[in-house]
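**Student:** Before we start, here is the structure in question, set down as structure tokens.
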Amino acid sequence: MFEFHADKEKYFEMQQLTAKNYVLPFIEQTFPIKAGQRILEIGCGEAGVLLPFVEKGCIVVGVELHAPRLTTANEMLKDYIDAGRATFIAKDIYEVGAEKEFGGKVDIIILKDVIEHIHNQPKLIAAMKSFLNPGGCIFLDFPPWQMPFGGHQQINSNKWLSKLPYYHLLPKRLYKWLLKRYHGPVEELLDIKDTGISIERFEKIVRQQEYTIINKTHFLINPIYQYKFGWKPRKQFWLIRHIPYFRNYLTTCVYYLIQPN
């Protein structure tokens, strides 16, 4: 396993820097972010992504299904929590209400590296409309399933399997055997194999759920790799970006901003 996946404070810092230097500027290309706006992050984890927004004067809410991950969030954003500008909820997103638990609807929803873990992706994308103020938007980023590490195999404790690209694309029975043979997190990685999403599937869901894509960027080199590995982010080449299906194999991350029609 790459060490930063076990170091929650380090991972918080990487998420914070990525959000400050890439996510927030991407959103502001088409949707100005102003003090007082309300931001919801679904699957916020340690909440590093939310820090640049609250520093900009926004009011933030993080929802996270796995309560232990909020320990770091509550520690790192304690001053903002005490000031009433940050709230964290350990709950299933389908069990929360905008008025009751968020204090009202929000202007921006963030799903960073989350949608590829969701089983019923159309259901979640449709449900998010109920949380948005009129004119609000949703930011999503995800690694296309077919990209070299789209199976999240980097979380594998086996050193060579954690660095081996593309093997998540093996037939499921062979993939399962390999994970068991080398003591990988079998159920977790098989679950991701079931939920992994491609660029084409995501855009189809967006259209079907009556959203408009108002901005998008495809990356050859994921921006967070700058802080994980020291690799400079690079946008995907124009030609590859426009070849459906094939582009998934060489695109390590995509950013999207969508709005309800």
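The values are calculated or read from the model by the stated rules, or taken from the named source; none is laboratory data. Source: prediction; values computed, not measured. All Cβ positions, even for glycine, are placed from backbone atoms using ideal geometry, and neighbour counts span all protein chains on display.
**Student:** Working only within the stretch 189-210, note down all residues that are in contact with a helix residue (DSSP H, G or I) (Cβ under 8 Å, 6 or more places away or on another chain) and outside any helix (DSSP H, G or I).
**Tutor:** If the condition is that a residue be in contact with a helix residue (DSSP H, G or I) (Cβ under 8 Å, 6 or more places away or on another chain) and outside any helix (DSSP H, G or I), then GLY196, ILE197, SER198, GLN209 are the ones that fit.
**Student:** Might you check whether a residue that is touching a residue at least 40 places away in the same chain (Cβ under 8 Å), in a strand (DSSP E or B) and out of contact with any Gly (no Cβ under 7 Å at 6 or more places or on another chain) occurs anywhere in the stretch 119-132?
**Tutor:** Yes - at least one qualifying residue is present in the stretch 119-132.
**Student:** Among ALA126, ALA98, which is the only one that is surrounded by 16 or more Cβ atoms within 10 Å (Cβ to Cβ), at pLDDT below 95, assigned by TED's automatic domain parsing to the domain that holds PRO52 and farther than 30 Å from LYS10 by Cα?
**Tutor:** Only one candidate qualifies: ALA98.
**Student:** Report, ordered by the first and then the second residue, all pairs with beta carbons closer than 9 Å, sequence separation of six or more or different chains, a first member in the stretch 142-168 that is on the phi > 0 side of the Ramachandran plot, and a second member that is among the polar types (S, T, N, Q) and crowded, with 17+ Cβ neighbours inside 10 Å.
**Tutor:** Filtered contacts from the stretch 142-168: TYR166/GLN146.
**Student:** Further, regarding this structure: Just checking, which of LEU111, LEU65, LEU77, LEU70 is hydrophobic (A, V, I, L, M, F, W, C), in the same structural domain as GLU46 (by TED's automatic domain parsing) and under 20 Å from TYR211 (Cβ atoms)?
**Tutor:** Within the list LEU111, LEU65, LEU77, LEU70, the selection yields LEU111.
**Student:** Under 8 Å between Cβ atoms, at least 6 apart or on separate chains: pull out the pairs that start in the stretch 183-197 with a residue that is under 12 Å from HIS168 (Cα atoms) and end on any residue that is of a type in the set (Asp, Glu).
**Tutor:** From residues that are under 12 Å from HIS168 (Cα atoms), the pairs are ILE192/GLU116; GLY196/GLU116.
**Student:** Just the residues that are buried (at least 18 other Cβ atoms within 10 Å of the Cβ), of a type outside the set (D, E, K, R) and touching a His at 6+ places or on another chain (Cβ under 9 Å), please, taken from the stretch 228-251.
**Tutor:** Selection gives GLN236, THR251.
Quick grid of which residues meet (1) of a type in the set (Ser, Thr, Tyr); (2) in a helix (DSSP H, G or I):
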site	(1), (2)
GLU9	no, yes
THR18	yes, yes
PHE31	no, no
GLU41	no, no
GLU75	no, yes
GLY84	no, no
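**Student:** Moving to a separate point now. Any idea which of ILE258, ILE192, ILE221, ILE199 is of a type in the set (A, V, I, L, M, F, W, C) and surrounded by fewer than 18 Cβ atoms within 10 Å (Cβ to Cβ)?
**Tutor:** When all the criteria are applied, what remains is ILE221.
**Student:** OK, next. Among (1) of a type in the set (D, E, K, R); (2) touching a residue at least 12 places away in the same chain (Cβ under 8 Å); (3) more than 16 Å from GLN154 (Cβ to Cβ), which single condition is LYS232 missing?
**Tutor:** Among (1) of a type in the set (D, E, K, R); (2) touching a residue at least 12 places away in the same chain (Cβ under 8 Å); (3) more than 16 Å from GLN154 (Cβ to Cβ), the lone unmet condition for LYS232 is (2).
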